[in-house]
């Protein structure tokens with residue numbers, strides 16, 4: 001049974017493969033008939049002269065965005081563009097010096113921000129919206145130096161001392 005079925009499939013394949021119309025003549029398309037070219041008349045010449053050449057388009061990129069830059073900026077790039085640390089968001093006088101730690105690596109100040117969070121700061125850290133730099137940390141205080149320009153353009157240095165324990169009124 002299987003052999004007869006296999007034989008029939010092989011014969012059908014041979015018949016289909018063997019039958020081709022390759023010996024039939026192929027009909028050719030008739031050649032286009034050329035019409036005699038007539039001499040241009042005066043109105044045709046005037047019409048061609050009246051046609052002006054098409055203006056050439058020139059791209060002016062002024063005021064347009066670069067088409068090759070991505071429209072969607074990744075979140076990490078957005079963060080780097082206007083990144084401010086939590087220490088730079090609040091003015092220096094809003095921080096409370098809650099402790100000073102010292103050891104083999106020097107002095108570190110513990111600050112409590114207005115947001116209720118604690119921050120460790122060491123010499124050279126940037127703090128405040130005016131980008132003040134921590135210059136010195138002692139056992140009882142932290143000194144921050146801010147540099148800015150006054151309205152006349154002169155650079156000014158301002159030292160802000162943040163003490164660990166504020167002096168109470170009425171005590172020497």
For region 81-163 the mean separation of alpha carbon contacts under 8 Å (6+ apart) over residue count, i.e. relative contact order in percent, is 22
Label-to-label distance, nm, for residues given as residue 13 and residue 51 (7 Å Cα→Cβ offset) | 6.1
For region 81-120, list residues with backbone N below 17 Å from a point placed 7 Å from the Cα of residue 156 toward its Cβ?
-> 92-93
How far apart, in nm, are two points set 7 Å out from the Cα along the Cα-to-Cβ line at residue 105 and at residue 69?
-> 3.9
Would you please give the FRET efficiency between residue 164 and residue 135, computed as 1/(1 + (r/R0)^6) with r the Cβ-Cβ distance and R0 = 22 Å, to the nearest 0.05?
-> 0.85
What is the distance, in nm, between label points placed 7 Å from the Cα along the Cα-to-Cβ direction at residue 145 and at residue 4?
-> 10.8
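The numbers here are math on the coordinates, done by the rules we state, and not lab data. These numbers were taken from a predicted model, which means no experiment stands behind them. Glycine gets a Cβ as well: all are built from the backbone with ideal geometry, and neighbour counts include every protein chain shown.
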